[in-house]
Amino acid sequence: MSKRIIPVDGDALTKEALSRLDQPARRLFLRRALTLGGLSLLSGCAITDEPSAEKALAKISRFNDRVQAWLFDPNRLAPTYPESMIARPFPFNAYYDEAQVPDVDAGRFRLEVSGLVADRHAWSLPELHALPQADQITRHICVEGWSAIGRWGGVPFSLFLRRVGADLTAKYVGFKCADDYYTSIDMPTALHPQTLLALTFDGQTLPRRYGFPMKLRMPTKLGYKNPKHIQAIFVTNTYPGGYWEDQGYNWFGGS
Amino acid sequence: MTSCRSAPTATLAADPLPNRPGTPPAGDGRAIHPRWLRIAHWLNTLAVIVMVTSGWRIYNASPLFGFSFAEGLTLGGWLAGALQWHFAAMWLLGANGLAYLLLTAGSGRLWQRFLPVSPRAVLDDLRDALHGRLSHADPRRYNSLQRLAYLFVMLDSAVLVASGLVLWKSVQFPLLRELLGGYETARYVHFFAMTALAGFVVVHLVMVALVPRTLRAMTLGR
């Protein structure tokens, strides 16, 4: 048998390494969970059976998605705040260090749109700025518990979805980002009046650290559901998952 | 000092299920705590252990104060795991708590065992307790301190659930959010209500250790 030399694919290697890095944290979730004295007293119970407990918890998490979708009121607005309450500096938050924030070339940037949409042309930044803009001062709530008030401006996302002729009865809108982050949301949240395709922060072009060239800003969802550095948007009926969601964070992630 | 509240005659008169001599045991009829209450109590124990320990892990992700909970005392392994446990046990806590409230109010137990509770009676019982004279002769009768403690923990649990709903869905429960002073204040309310519940549990366990037959009554019913 002859040995073949497989060319090294840098991107694939990095992705593989990253996925391996994710695993220990994921496995720790239940392994450490079960060191708890009170629960170990129940040994023999299904609760100490790792895979079945993990499965049950994932099932309840999906049930919680449905309950949150049911609780979600498309007309209910998140509270807005005065300018004096804006957090300065607004905290940086990502799954990587600030030094690793992607540097997107504004001139060459094109927002890809695909899936169940009529108009699949890729959008330049000037084209997006030419659409009607809106502004909001709302609270960003992190899944960790902290929160910070910020001011975002941009294109109301419902307007954008209508402009590209999206199937508004589709279940999901997915996002792929320049920082390799990905997530997806439900259509009712995508159409919520406060959901913005944000191009500015605090009246300025969205800084790199907050997601240049654009982020999806939803005050009705937790921070990790608000993707930054968006490169591609797709409309689909197939569950797309998400970076944190695939590791156990609740998919709906509403607030 | 004598306390008429713990006198046997008063007990018989107030007891909805008098233990008449010569009557054959009639299943749950003679139990100090009916079966539904014992089931609710132990389900609640499980729910509280899971909620509090996973809650500590969630707190550690972004502490409100200058301390974190020891990781060995927390449940979930990492934030997503803790949140999964927290949001799973909340259904058990909620459903069981609601069933308990409906049954305890519907059966008249709420009024028979926990009410009335007057400041005067509480002070009298507190004095007796401090002198080591508070009687536990009849486990069917709660003294004023017990009544106060149990009513307090019911109210505290309601505050925990309400503030928890605000943290979970602050946009979807606007009235509750404003009543609790907004999202950030609700975090402190939730934390202090948890601390009060933990304090109750400590006192509760000390009392069980001092009067072990209450554990038997809560397990076997008598």
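The values are calculated or read from the model by the stated rules, or taken from the named source; none is laboratory data. Nothing here was measured: the structure is a model prediction, and the numbers come from that model. So basically every Cβ, Gly included, is an ideal-geometry build from the backbone, and we count neighbours across all protein chains shown. These accessible areas exclude ligands, DNA and RNA; they are computed on the full protein's heavy atoms, side chains included. Shrake-Rupley method; radii C 1.70, N 1.55, O 1.52, S 1.80 Å.
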Item to check | Charge dipole of chain B about the Cα centre (unit charges at C-beta), most positive-ward option of B:L83, B:A105, B:S135 | outcome: B:S135
Item to check | Gaussian network model of chain B, Cα within-10 Å springs - most flexible of B:V202, B:V50, B:V161 | outcome: B:V202
Next on the checklist: I want to check the label-to-label distance for A:A122 and B:L103. Put each point 7 Å from Cα in the C-beta direction and report it in nm to one decimal.
Outcome noted: 6.3
Item to check | In degrees, nearest ten, helix B:35-61 long axis to first principal axis of chain B (Cα) | outcome: 30
Checklist outcome for this item: Check: C-alpha center the stretch A:85-155 vs C-alpha center the stretch B:152-197, spacing in Å is 31
Item to check | Ratio of Rg to Rh over the stretch A:194-255 (Cα coordinates, Kirkwood Rh, two decimals) | outcome: 0.99
Next on the checklist: What number does the stretch B:31-220 give for Rg over Rh if you use C-alpha atoms and the Kirkwood radius?
Outcome noted: 0.99
Next on the checklist: For a quick check, take a GNM of chain B with Cα springs below 10 Å and name the residue from B:Q146, B:Q112, B:Q172 with the largest mean-square fluctuation.
Outcome noted: B:Q172
Next on the checklist: Give me the summed buried accessible area for the A-B pair, 1.4 Å probe, to the nearest 100 Å².
Outcome noted: 3200
Checklist outcome for this item: So, with points 7 Å from each Cα along the Cβ direction, the B:V211-A:D73 label distance in nm works out to 4.6
Next on the checklist: Sort B:Y150, A:Y182, A:Y96 by heavy-atom solvent-accessible area, probe 1.4 angstrom, most to least.
Outcome noted: A:Y182, B:Y150, A:Y96
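Using the C-alpha atoms of the stretch A:83-247, what convex hull volume per residue, in cubic angstrom, is computed?
Values: hull volume 17.5 nm³, N = 165.
Looking at the stretch A:83-247, the number lands at 106 Å³ per residue.
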Item to check | Residue order for A:E50, A:E245 - accessible surface, 1.4 angstrom probe, largest first | outcome: A:E50, A:E245
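How much FRET efficiency would the formula 1/(1 + (r/R0)^6) give for B:W111 and B:A158, where r is the Cβ-Cβ distance and R0 is 22 Å, rounded to 0.05? Don't jump to the answer; show the numbers that get you there.
Details: r = 18 Å, r/R0 = 0.81.
Once the sixth-power term is evaluated, E becomes 0.75.
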Checklist outcome for this item: Percent of all alpha-carbon pairs of the stretch B:39-147 at distances over 25 Å, whole number, is 48
Item to check | Residue of B:L79, B:L130, B:L103 that the Gaussian network model of chain B assigns the largest fluctuation, springs spanning Cα pairs under 10 Å | outcome: B:L130
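Please compute the contact order of the stretch B:107-211 in relative form: average sequence separation of alpha-carbon pairs under 8 Å and at least six residues apart, divided by the residue count, as a percent.
Details: 64 pairs, mean separation 24.3, N = 105.
So the answer I get is 23 percent.
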Item to check | Value of relative contact order over the stretch A:83-247, rounded to a whole percent, pairs C-alpha under 8 Å and six or more apart | outcome: 27
Checklist outcome for this item: Given a 1.4 Å probe, the accessible area of the stretch A:177-255 per residue, as a whole number of Å², is 26
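Eigenvalues of the Cα gyration tensor times 5, then square-rooted: what semi-axes does that give for the stretch B:93-159, in whole angstrom, largest first?
Working: eigenvalues 125, 33, 21 Å².
The answer is 25, 13, 10 Å, longest axis first.
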Checklist entry - In the full protein assembly as shown, how much of A:D135 is accessible to a 1.4 Å probe, in Å² to the nearest 10? => result 90
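Once you average over the residues of B:67-80, how many Cβ atoms of partner chains fall within 10 Å of each Cβ?
Numbers: counts 0, 0, 0, 0, 2, 4, 4, 4, 7, 8, 13, 9, 8, 12.
Across the residues of B:67-80, the mean count of other-chain Cβ atoms within 10 Å is 5.
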Next on the checklist: Tell me the angle of helix B:119-130 to the major Cα principal axis of chain B, expressed in degrees between 0 and 90 and rounded to the nearest ten.
Outcome noted: 80
Checklist outcome for this item: Expressed in square angstrom to the nearest 10, the accessible area of A:R62 with a 1.4 Å probe stands at 130
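Keeping all protein chains in place and using 1.4 angstrom, which order do A:R208, B:R141, A:R76 fall into by accessible surface area, from largest down?
A:R208, A:R76, B:R141
Quick one: pull the percent of accessible area on the stretch B:89-222 belonging to carbon and sulfur, 1.4 Å probe, ligands and nucleic acids left out. Walk me through the intermediate numbers first.
On the way: 5440 of 7170 Å².
Carbon and sulfur together cover 76 percent of it.
What FRET efficiency comes out for A:R209 versus B:V202 if R0 is 60 angstrom and r is the Cβ-Cβ distance? Round to the nearest 0.05. The partial results should precede the final answer.
Details: r = 45 Å, r/R0 = 0.75.
Using R0 = 60 Å, I get an efficiency of 0.85.
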